[in-house]
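So the structure is just underneath, and the comments pick up after that.
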Amino acid sequence: MTMNLDETPRQYGLSDLPLLEVATRSSAYLQYLTFGVDLSHEENAEFRALAASELLDRIEEEAESVETLMGLGHDGEEFSINIMGWGPIYFVDAGELDRIGYFLTPDDARIEAVHIAECFPLSDADEAAPIPTKQPRSRATIRAWYTHDLIAANGHLDQPSGDIEMLVSALNLQRIRAGEVLDLAGPWADPFEDRLEGAVWRFNMRGPGSASIWLYGGEDEEPEIYEVTSMQFGNDPTVYPAPPIFQE
């Protein structure tokens, strides 16, 4: 079977019925837990959440690496991009990036892993894991132009301090573009120091198309906040200005 990189892989949540049904068929424990329960019935939503929680515990304890690609982080260190499998369920773990998944085929998981490897390529192409040569699918990334919140407070939004590209799952990209309020954690290359920091991107807090980046240097430190002035989504060449931070 040939992997088609032009297609966006189907990603599921742990409580999504198709994934739960497949997981239940492959696990004696989950079959016992859900015996006699119609998971598709809306009145059993809480029980479905319980089954999803039990499934997560099994995945955390029993998932094994299926394949590993390599990427080069902003700090110059290589990191592993692992395609993980538990029975018929697959996901991608890649260093400090958010887990991506879950998928019902290894090919779908590998499309996401290859995408991460393309976003964080090794400096020596000979060391990189082989990547299919087909035209890659539309990239699930967000490029954001940002400025420090102190500058933003004075209304200087037309000259951003810099820009950064963030890798997201295809599902989260759709949610963000639809205007859903969403927080995503991920690594951030400090624009002033050569290091990675923990960051939380907060989308659509001021309305659809808005975002801010919160940098956390330490447990007791106040976060540094960067206001996003405009964004570009995936392969869409349009640059979308963020809603005004301050209304006249």
Among the residues of the range 210-224, is any open to solvent by less than 20 Å² (accessible area, probe 1.4 Å) and at pLDDT below 85? yes
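For the range 58-69, name all the residues that are farther than 23 Å from Asn172 by Cα and outside any loop (DSSP other than H, G, I, E, B).
Passing the criteria: Arg58, Glu61, Glu62, Glu64, Ser65, Val66, Glu67, Thr68.
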Filtering the range 91-105 down to residues that are surrounded by fewer than 19 Cβ atoms within 10 Å (Cβ to Cβ) and not in a loop (DSSP other than H, G, I, E, B) yields Asp93
Can you pull out the residues in the range 57-100 that are closer than 16 Å to Ser26 by Cβ and not aliphatic (A, V, I, L, M)? Asp57, Arg58, Glu61, Glu62, Glu64, Gly85, Trp86, Gly87, Pro88, Tyr90, Phe91
Restricting to the range 18-52, give me the number of residues that are open to solvent by less than 60 Å² (accessible area, probe 1.4 Å), of a type in the set (S, T, N, Q) and free of Cβ contacts under 8 Å to residues at least 40 places away in the same chain. 3
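The values are calculated or read from the model by the stated rules, or taken from the named source; none is laboratory data. This one's a predicted model, so the numbers in the text were calculated from it and none came from an experiment. Here the Cβ is made from the backbone with ideal geometry for all residues, glycine too, and neighbour counts use every protein chain on show. Ligands, DNA and RNA are excluded from the accessible area calculation, which covers all protein heavy atoms including side chains. Shrake-Rupley method; radii C 1.70, N 1.55, O 1.52, S 1.80 Å.
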